[in-house]
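Here's the structure we're looking at; comments come further down.
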Amino acid sequence: MDQETKTNPAPMKKRRNITKTDVQQFLLRGRAFIALILVFVVFTSLTPQFLTTGNIVIMSKHVAINALLAIGMTFVILTGGIDLSVGSIVGMVAMIAGGLINEGINLPQLGIIIYPHTWMIVLLSLALGTLMGAISGFVITRFNVAPFIATLGMLYVARGIAGLRNNGYTFPNLIGRPEYGNTGFEILGAGNFLGVNYSIWLMGILTLVAYIVTTRLPFGRHVYAIGGNERAAELSGVRIARSKIIVYSISGFCSALVGLIIASQLVAAHPATGESFELNAIAAVVLGGTSLAGGRGSMGGTLIGAFVIGVLGDGLVMMGVSSFWQKVIKGAVIVLAVIIDQVQARMQERIALQEQQEMK
Amino acid sequence: MPDPTSVPGLETAAVENIILTAENITKIFPGTVALEDVSFSVRQGKVNVLIGENGAGKSTLMKILAGVERPTHGRILLDGREIQLHSPLDANRFGIGIIYQELNLCANLSVVDNIFLAREKTRSGLIAHKPQREQARELINRLEQKIDPDQLLGDLRLGEQQIVEIAKALAQDVRILIMDEPTSALSAAEVEVLFRIIRELKSRGVAIIYISHKLEELLQIGDYITILRDGRKVAEAEAKDINVPWLIEKMVGRNPANLFTRKEHQLGNVLLKVENMTMPRAGGGYLLDHVSFELREGEILGFYGLMGAGRSDLVDCLAGARPQATGRIQLNGQPVTVTTISERIESGFVLVPEDRQRYGLVQTLSVMDNMLLASLKKYLKGIFLARKEEKAATDQQIKELSVRVANPLQPITALSGGNQQKVVVGKGLLTHPKVLLLDEPTRGIDVGAKSEIFEIMNRLAAQKYGVIFVSSELKEVLAMSDRILVMSKGAITGEFSHQEATEEKLVAASAVGHGPSNGGNHHGSGN
Ligand SMILES: Nc1ncnc2c1ncn2[C@@H]1O[C@H](COP(=O)(O)OP(=O)(O)OP(=O)(O)O)[C@@H](O)[C@H]1O
Ligand SMILES: [Mg+2]
């Protein structure tokens, strides 16, 4: 009896699965991927220089920035939250890091200026971004503030600090000075490993880590559970507050990383860096199939979503489409993708039923 | 008391067995005293039963023992030492597990992930998927169910979800297991399995706290019985010394003789005619397999069957909740062509769904708003809602169904489980239906409220309404129905009039298509 129930159904299912309907289902599921291929094909045929190595390198760098933010955003959205502050934290961290390089830490009481080592600056900046995220998470969990509001507040605060740091001016020329031992900041943006830019490596590594965290770690499972049914998760013993604070901290960390990369790429820090980046990140997450209600989605999807957004943006620029039309097209694509998502669910049901009629 | 000289008298023996004590617990909610100076002892290796009417405070006491709520006054002693429970995690550390009355599961996670939520098995920090899945499968087998551990929880029916909730509690190694109405969505066969498991746990010394409104069930499994009424303890007894009438007497303070009465009513013309209602199952086979039947005016038509037999699917179809179903429906001789739920409600079908939490109630709204949600159009003045009439209609339903609520503007979540159920029934009645579809309407409600709902069914039948009554409670179906249809694997496998129906016949018909011992083939292709 036991054996029968265990062994019988599984192989039956497998055999039945290799049908044309299964191919249909695959095509529907991989919609973000298909969108990506479509975007590539269209642009390649319309603009000859689209598929050149130089262009692909530039595009990947753009994609990496959005993808890194989107990874953190995915964690947040999976819990049913949202993080509007990522773009501002990018700008704030860039300004703080730029200031540390050009001006050091000024201690007038002691009459000295400390110039931290570049490594120290990178670590401090990452810690700062993580802390800003943690503060959002703390406000959300401790005082029961809606994530939209808490991170909207953080959006303004962080952007304000970015401007305050240098009275709205840019920190130019972030190359440091050999005598202070703080050179080498530009390597993060310009350096390559095996011919591939560091930012692209970071995107790959972080996606992989985030993928493992969401699929293989208890913490990842808790993130999904909170998004699915927070009360049930709590009653099961999931530490809601701690998990949420970690999630917003991750998002803050990713933002800080992006802030450093951008400042390094430009070798300058501008207070407006990262403005409206949060919207691109949210778009990538949603395009990748993650539900804004929380509890459903994947890191792989987010990565593809980031590629679609990035390639679409750069492709339109290369084709010489006006920036106004770019926005119209981008908006339409995002909404269309979500519509396809809804249609897909219904299609799958119909396909399953159709499959059965055929079997009869 | 390991004193070798003293002869262990009866007193000491009893004290020694007590593992957990709630002492003089009082719990005050804004506007309600849920518990008043209640003491409750839990004996090791025994089934400690707690009963009482809806809103008597049973779940509240359990939530206090599980660390979800904190008592206003009183102490909790474990092994004679006072303990502080600040969160469910604390209770867990002390070995206290709980199956909640309202299921607490994540619909977006798989069955395995739910079972091990917050207690994942890990190997070097990573979730060990394989051992988890194996243990989950083992637990499900122990519960004699066929649920795929990788299935999404949201795709399971309510009864199956309850099984998962039980499996989740069993997966933990607990000393004390609280079961707050674990069988409310289970049918007799599954209850038997659960009882077998409870006996196993008892023999291993686990203390069980068991809450249910099914009184026969309590006497069958219980060892010690504690009765609450209005937040106070009114009686305590050993199960072997008492019987059902005594229980009812203590619980409701009323003569139990006239609780289940069915009135003979005159049947009229054919009200509803259903032909070849069919719905395929996504995994193969049928959820509904060419179901045809008739319902007369003034008739109470009972549907009996095992979990997943298709009864809920059938009433869902009639209510318009399953657009993919095919078949013909005639109401008063006229074909029903409308397909959406709101149009079906207008033509006179209304469903009281089985899962009140997910489908019956909007958790964020008040009692009144929930009650009126399906019939808002009736309370319009111009384009505005007429607050006065809304209030009047709500108050009337609250009175007729005797819902225990301090104020209709209270949030629905402040009501006890059974009172929430009454609100769902009231919501259905306010649409003034012609055909009332009741899917397990007595789930989780006390004997008094049950008799009130039966009274309403009788009244509606006398007014020539048609009532379809889905229930897994043999006694209730037998007592209330003019005619009983039995379903198994999506098909009707038996039809009995009130006179010819017996428990044996219903059970036999409900097992058609199932192999011996509840197992058997995958889908009823043979039917
Ligand atoms: N969060 C809350 N806020 C206000 N009142 C509450 C709250 N929770 C419970 N109550 C009230 O406390 C009383 C006891 O409720 P409880 O859920 O313990 O009843 P119960 O005995 O479990 O009933 P049932 O058999 O219906 O499940 C009820 O009157 C209920 O309205
Ligand atoms: Mg209760």
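The values are calculated or read from the model by the stated rules, or taken from the named source; none is laboratory data. Quick caveat: nothing in here was measured; it's all calculated off a predicted structure. Reconstructed Cβ throughout: ideal geometry from the backbone, glycine too, with neighbour counts over all protein chains shown.
Go through A:258, A:247, A:238 for me and flag whichever is buried (at least 24 other Cβ atoms within 10 Å of the Cβ), at the interface with another protein chain (Cβ under 9 Å from one of its Cβ atoms) and not small (Gly, Ala, Ser).
Working: A:258 fails: at the interface with another protein chain (Cβ under 9 Å from one of its Cβ atoms); A:247 fails: at the interface with another protein chain (Cβ under 9 Å from one of its Cβ atoms).
Residue meeting the stated conditions: A:238.
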Filtering region B:425-462 down to residues that are more than 16 Å from ligand 1 (Cβ to nearest atom) and of a type in the set (Asp, Glu) yields B:439, B:455
By my count, helices (runs of 4 or more DSSP H) wholly in region A:272-360 with at least 3 residues that are at pLDDT below 90 and either within 14 Å of another protein chain (Cβ to nearest Cβ) or out of contact with any Pro (no Cβ under 6 Å at 6 or more places or on another chain) (or both) are A:299-319, A:323-359
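Being small (Gly, Ala, Ser) and crowded, with 24+ Cβ neighbours inside 10 Å narrows it down to one of B:45, B:52, so name that one. Step through it out loud before you land on a result.
Working: B:45 fails: crowded, with 24+ Cβ neighbours inside 10 Å.
That would be B:52, the only listed residue that is small (Gly, Ala, Ser) and crowded, with 24+ Cβ neighbours inside 10 Å.
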Being away from ligand 1 (no atom under 16 Å from the Cβ), more than 15 Å from residue B:457 (Cα to Cα) and away from chain A (no Cβ under 14 Å) narrows B:420, B:396, B:410 down to just B:396
Over region B:33-80, the set of residues more than 11 Å from ligand 2 (Cβ to nearest atom) and acidic (Asp, Glu) is B:36, B:37, B:69, B:79
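Conditions tested, residue by residue: (1) away from every other protein chain (no Cβ under 14 Å); (2) more than 14 Å from ligand 1 (Cβ to nearest atom); (3) of a type outside the set (A, V, I, L, M); (4) over 22 Å from the mean Cα position of the chain (by Cα).
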site: B:182; (1), (2), (3), (4): yes, no, yes, no
site: B:194; (1), (2), (3), (4): yes, yes, no, no
site: B:217; (1), (2), (3), (4): yes, yes, yes, no
site: B:241; (1), (2), (3), (4): yes, yes, yes, yes
site: B:251; (1), (2), (3), (4): yes, no, no, no
site: B:262; (1), (2), (3), (4): yes, yes, yes, yes
Residues of region B:376-421 being within 16 Å of ligand 2 (Cβ to nearest atom) and either among the hydrophobic types (A, V, I, L, M, F, W, C) or farther than 30 Å from residue B:100 by Cβ (or both), in sequence order, are B:403, B:405, B:412, B:414, B:415
Screening A:241, A:256, A:210, A:268 for residues that are over 17 Å from residue B:116 (Cα atoms) and in contact with a strand residue (DSSP E or B) (Cβ under 9 Å, 6 or more places away or on another chain) leaves only A:268
Result of the Cβ filter at 8 Å on region B:52-64, keeping first residues that are within 14 Å of another protein chain (Cβ to nearest Cβ) and within 10 Å of residue B:416 (Cα to Cα) and partners that are within 6 Å of ligand 1 (Cβ to nearest atom) and part of a helix (DSSP H, G or I), at least 6 apart or interchain, is B:59/B:417
Selection from region B:1-45 of residues at pLDDT below 90 and acidic (Asp, Glu) yields B:3, B:11, B:16
Look at residue B:40 and say whether it is near ligand 1 (Cβ under 8 Å from one of its atoms) and aromatic (Phe, Trp, Tyr).
no
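Test of understanding: among B:166, B:140, which residue is surrounded by 21 or more Cβ atoms within 10 Å (Cβ to Cβ), in contact with a Pro (Cβ under 7 Å, 6 or more places away or on another chain), free of Cβ contacts under 8 Å to residues at least 40 places away in the same chain and not in a loop (DSSP other than H, G, I, E, B)?
Values: B:166 fails: free of Cβ contacts under 8 Å to residues at least 40 places away in the same chain.
Of the residues listed, the single one that is surrounded by 21 or more Cβ atoms within 10 Å (Cβ to Cβ), in contact with a Pro (Cβ under 7 Å, 6 or more places away or on another chain), free of Cβ contacts under 8 Å to residues at least 40 places away in the same chain and not in a loop (DSSP other than H, G, I, E, B) is B:140.
Restricted to region B:67-87, and to residues that are outside any strand (DSSP E or B) and either surrounded by 24 or more Cβ atoms within 10 Å (Cβ to Cβ) or more than 14 Å from chain A (Cβ to nearest Cβ) (or both), which residue is farthest from the chain's Cα centre (by Cα)? Before you say what the answer is, go through the steps one by one.
Of the residues in region B:67-87, the ones outside any strand (DSSP E or B) are B:67-72, B:79-80, B:84-87.
Now drop any that are not either surrounded by 24 or more Cβ atoms within 10 Å (Cβ to Cβ) or more than 14 Å from chain A (Cβ to nearest Cβ) (or both), which leaves B:67, B:70-72, B:79-80, B:84.
On the way: B:67: 23, B:70: 26, B:71: 26, B:72: 29, B:79: 33, B:80: 34, B:84: 31 Å.
Ranking the qualifying residues of region B:67-87, first place goes to B:80.
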(request) Kindly establish whether residue B:454 is among the aromatic types (Phe, Trp, Tyr), in the same structural domain as residue B:483 (by TED's automatic domain parsing) and away from ligand 2 (no atom under 15 Å from the Cβ). (result) yes
Reported set for region B:43-83 where residues are within 12 Å of ligand 1 (Cβ to nearest atom) and of a type in the set (Asp, Glu) is B:53, B:69
Checked region B:288-311 for anything crowded, with 24+ Cβ neighbours inside 10 Å and either within 14 Å of chain A (Cβ to nearest Cβ) or at pLDDT below 90 (or both); matches are B:288, B:289, B:305, B:309, B:310
Counting only helices (runs of 4 or more DSSP H) entirely within region B:172-267, those with at least 1 residues that are within 16 Å of ligand 2 (Cβ to nearest atom), in contact (Cβ under 8 Å) with a residue 60 or more places away in the chain and of a type outside the set (D, E, K, R) are B:215-221, B:244-252
- Item | Hey, residue B:395 more than 15 Å from the chain's Cα centre (by Cα), at pLDDT 90 or above and either surrounded by fewer than 18 Cβ atoms within 10 Å (Cβ to Cβ) or not assigned by TED's automatic domain parsing to the domain that holds residue B:369 (or both) or not | yes
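What about residue B:97, is it more than 16 Å from ligand 2 (Cβ to nearest atom), surrounded by 18 or more Cβ atoms within 10 Å (Cβ to Cβ) and part of a loop (DSSP other than H, G, I, E, B)? Let's see the steps before the verdict.
Working: more than 16 Å from ligand 2 (Cβ to nearest atom): yes; surrounded by 18 or more Cβ atoms within 10 Å (Cβ to Cβ): yes; part of a loop (DSSP other than H, G, I, E, B): no.
No.
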Based on this model, can you work out whether residue B:170 counts as away from ligand 1 (no atom under 16 Å from the Cβ) and touching a strand residue (DSSP E or B) at 6+ places or on another chain (Cβ under 6 Å)?
no
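Mind checking which helices (runs of 4 or more DSSP H) fall wholly inside region A:157-240 and carry at least 2 residues that are touching a helix residue (DSSP H, G or I) at 6+ places or on another chain (Cβ under 9 Å) and free of Cβ contacts under 8 Å to residues at least 60 places away in the same chain?
On the way: elements: A:187-190, A:198-216, A:218-228, A:230-236.
Where helices (runs of 4 or more DSSP H) fall fully within region A:157-240 and carry at least 2 residues being touching a helix residue (DSSP H, G or I) at 6+ places or on another chain (Cβ under 9 Å) and free of Cβ contacts under 8 Å to residues at least 60 places away in the same chain, they are A:198-216, A:218-228, A:230-236.
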Quick check: anything in region B:358-371 closer than 19 Å to residue B:470 by Cβ, within 14 Å of chain A (Cβ to nearest Cβ) and either within 16 Å of ligand 2 (Cβ to nearest atom) or not aromatic (Phe, Trp, Tyr) (or both)? yes
